[in-house]
Amino acid sequence: MTTFGRDCSNFTVTLTAELIQQWKGEGVGLCLLQAFPPSYHQYEEQRQQMRVCASQGMPFDCYIYDYLGAPDWLDECLAGLEQALLPSEKPRKLWLDEEDTETEAGWTAQQRIDAISWSLQRADAAFDEVGIYSAAWWWGPKTGNTTAFNRRELWWAQYDGIPDATVFTPFGGWSASMARVKQYAGSQPDGTDLNVLSAAEEAELEAPEPEPQPEPTAAEFRQALSYLADISEKHAAEVRRVATQYGAL
């Protein structure tokens with residue numbers, strides 16, 4: 001079954017529970033939401049989108065437009081995501097949107113590669129799964145078609161109107177197995193962009209959540225405390241012995 005994704009970044013559509021359920025009926029299984037710093041008015045819209053997705057059981061990813069020449073922007077967006085989210089509202093993945101044409105004018109390809117590397121390091125410190133969004137039209141001329149990041153998952157724009165993630169024109173050394181989400185059509189009347197997921201990405205969405213671990217019983221808790229007290233006493237005795245041996249006591 002083909003699973004679709006909706007990129008809601010332009011905020012021309014207000015996400016409601018009813019709309020999310022309508023999209024589910026149309027095969028949408030993932031929303032892709034743009035993140036902003038808390039000082040921007042879009043921040044509250046971003047939070048509303050996250051909350052309604054979480055409340056309706058719609059998986060969502062977030063992405064940050066990576067202004068390569070303005071690293072504070074990325075840090076502020078990351079901080080905003082941390083502030084905005086309850087544990088149940090954390091995005092499944094984070095994507096860095098690499099198509100900046102505003103802050104890197106005059107840079108060399110290597111300067112852009114270095115800046116992307118630095119952005120990814122900071123994003124990795126905040127999120128477990130960080131991928132790259134880009135397109136061949138930008139990646140080739142702006143990075144020299146570098147293959148330095150081809151082990152990262154790729155969400156790519158290829159506006160061919162074909163909702164099939166196996167129809168992939170390679171760039172940047174990315175293999176078909178790492179090409180996970182295809183944006184196949186741009187702005188629709190409601191402001192969203194249309195995406196389709198690869199089979200591998202669908203499988204991740206369908207994977208069952210880990211079962212919650214049961215709370216320990218009172219007896220198990222007492223046993224654990226007794227064990228900790230026992231080993232603590234043993235360690236304390238050893239510390240006293242060594243300290244005495246070397247004249248520290």
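Values for this structure:
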quantity: Value of relative contact order over region 42-185, rounded to a whole percent, pairs C-alpha under 8 Å and six or more apart; calculated: 20 percent
quantity: Spin-label pair Ala203/Gln110, simplified geometry with 7 Å Cα→Cβ offset, distance in nm; calculated: 3.9 nm
quantity: Whole-angstrom gap from region 188-202 to region 91-159, using each part's C-alpha centre; calculated: 19 Å
quantity: 17 Å Cα-Cα reach of Lys182 towards aspartates and glutamates, excluding residues that sit fewer than 8 places from it in its own chain; calculated: Asp7, Asp61, Asp97, Glu98, Glu99, Glu153, Asp160, Asp164, Asp193, Glu201, Glu202, Glu204
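Every read-out reported here was derived from the displayed coordinates using simple, explicitly stated rules and does not represent laboratory data. Note that the structure is predicted; figures quoted are calculated from it, not measured. Ideal geometry is used to build each Cβ from the backbone, glycine not excepted, and the neighbour counts take in all protein chains shown.
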